[in-house]
C-alpha cells in the first residue's frame, strides 16, 4: 500500500450517456493524459482496525482498549517511525504496522531482550518473538518490514538516537517497575526520539488514595508516579485522556490486575485460591482502569538563542 498510484486515463474518463436526438447535448470533459499521478488518501486508523487480518477475538477487545482513539490521541501519523516497546503477541502491532506501511512509515518492535534470559524462559521468549515476527514477514505488502530491537535493564539503545517520531508502550511500566528499571525506559525513550517527538504510555491506574508499591506488584501504578518518571527523564507532559478509563475497576483485587480479563486469574502463582472467590464478579468489571498519557521531547533547537 503506497500513497500514490499511476492511473490511466481510461480508468478515470467520464463517459456521456447516450439518448434520443432530442436530448440536451452532453458536456465534453477534457481527457486526462496517460500516466496522470493521482493522490490516494491513505486508509484511516478506523479502516485499518476493521481489517480482516485482525481476528474477531482481537476486535472484541477494542471495547476496552479503544485502539483507534488511543493512537489518534497520541497523534500517530502513517508516515512516522514508531517504536512499540514490548508488543507481546502483536495486538497493537496488527493495527500500527499496516497503518504505517500505508504511508511508508516504519514500525520498530522493541521486544524482550534474549541476552538477559536463559533456560526455559529463553526458550519461551525466543518462540514468542519468532511467532510474532513470522506474522509480519509472511505479508510485507500489508505490514511492511517490521524492524526488531530489544529493551531490558541491561540493553543498549533500542533505536539510533533522535530517529524515532513516536515511542509507545501499552501496559508495561508496571513490569519494569517490578524489575527496578522503569527509569531506564524513559531515559532510553527520550534518547531515541527526535526533538518534538511523542511518548505515549498506557498502563493500569492505581487510585491516588492507594499507596504505591515501588515494584507495582499488583500491576497498578499511580498516574503521578508515571508523570514524575517521564519528567525526570526530560519529557514535557502534554495531556491525559480518559479514553481507557473504567470506573468499575477498584484496583483492589485478590490477584492484582490479573484477576480481571483477559487473564482472569483465580489463584496466585503458587496455586492458592481465595475462599468464596466469584470469577463472574471480575468478568463483569471488564478490563482494568487505565491511564493514557502523552509526553513530548522538547525541541530545544527551536528555542531562540539569547
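The values are calculated or read from the model by the stated rules, or taken from the named source; none is laboratory data. A quick note: this is a predicted structure, and the numbers were derived from the prediction, not measured. Counting neighbours? That spans all protein chains shown, and the Cβs are built from the backbone with ideal geometry, glycine included.
Between 79, 70, the distinction of being farther than 26 Å from residue 262 by Cα, touching a residue at least 12 places away in the same chain (Cβ under 8 Å) and out of contact with any helix residue (DSSP H, G or I) (no Cβ under 6 Å at 6 or more places or on another chain) belongs to 79 only.
Based on what the data block shows, is residue 33 modelled with pLDDT of 50 or more, under 30 Å from residue 168 (Cα atoms) and surrounded by fewer than 14 Cβ atoms within 10 Å (Cβ to Cβ)? In short, no. Take the conditions (1) in contact (Cβ under 8 Å) with a residue 24 or more places away in the chain; (2) in contact with a helix residue (DSSP H, G or I) (Cβ under 6 Å, 6 or more places away or on another chain); residue 244 misses just one of them, which is (2).
Only a single criterion out of (1) at pLDDT below 95; (2) surrounded by 21 or more Cβ atoms within 10 Å (Cβ to Cβ) is not satisfied by residue 271, namely (2). Residue 299 meets the stated requirement of being more than 22 Å from the chain's Cα centre (by Cα), touching a residue at least 60 places away in the same chain (Cβ under 8 Å) and closer than 22 Å to residue 84 by Cα. If the condition is being surrounded by fewer than 17 Cβ atoms within 10 Å (Cβ to Cβ) and within 24 Å of residue 225 (Cβ to Cβ), then the stretch 287-306 contributes only 298. For the stretch 105-128, indicate whether the set of residues that are at positive phi and over 14 Å from the mean Cα position of the chain (by Cα) is non-empty. Yes, the conditions are met somewhere in the stretch 105-128. Residues in the stretch 260-293 that are over 18 Å from residue 170 (Cα atoms) and not in a loop (DSSP other than H, G, I, E, B): 279, 280, 281, 282, 283, 284, 285. Just one of the numbered conditions (1) in contact (Cβ under 8 Å) with a residue 40 or more places away in the chain; (2) assigned to a loop (DSSP other than H, G, I, E, B); (3) surrounded by fewer than 20 Cβ atoms within 10 Å (Cβ to Cβ) is not true of residue 64: (2).
Tell me, please, whether a residue that is assigned to a loop (DSSP other than H, G, I, E, B) and closer than 28 Å to residue 187 by Cα can be found in the stretch 126-137. Let's see the steps before the verdict.
Just the residues of the stretch 126-137 that are assigned to a loop (DSSP other than H, G, I, E, B), to begin with: none.
No, because not a single residue in the stretch 126-137 is assigned to a loop (DSSP other than H, G, I, E, B) and closer than 28 Å to residue 187 by Cα.
Taken together, 216, 233, 251 contain a single residue that is more than 19 Å from the chain's Cα centre (by Cα), touching a residue at least 40 places away in the same chain (Cβ under 8 Å) and closer than 28 Å to residue 81 by Cα, which is 233. Has the stretch 131-139 got any residue that is at pLDDT 95 or above, surrounded by fewer than 15 Cβ atoms within 10 Å (Cβ to Cβ) and in contact with a strand residue (DSSP E or B) (Cβ under 9 Å, 6 or more places away or on another chain)? No, the stretch 131-139 contains no residue that is at pLDDT 95 or above, surrounded by fewer than 15 Cβ atoms within 10 Å (Cβ to Cβ) and in contact with a strand residue (DSSP E or B) (Cβ under 9 Å, 6 or more places away or on another chain). In the set 103, 90, only one residue is at pLDDT 95 or above, over 24 Å from residue 162 (Cα atoms) and in a loop (DSSP other than H, G, I, E, B); that residue is 90. If you scan the stretch 103-136, which residues turn out to be in contact with a helix residue (DSSP H, G or I) (Cβ under 8 Å, 6 or more places away or on another chain) and without any contact (Cβ under 8 Å) to a residue 24 or more places away in the chain? Correct list: 117, 122, 125, 126, 129.
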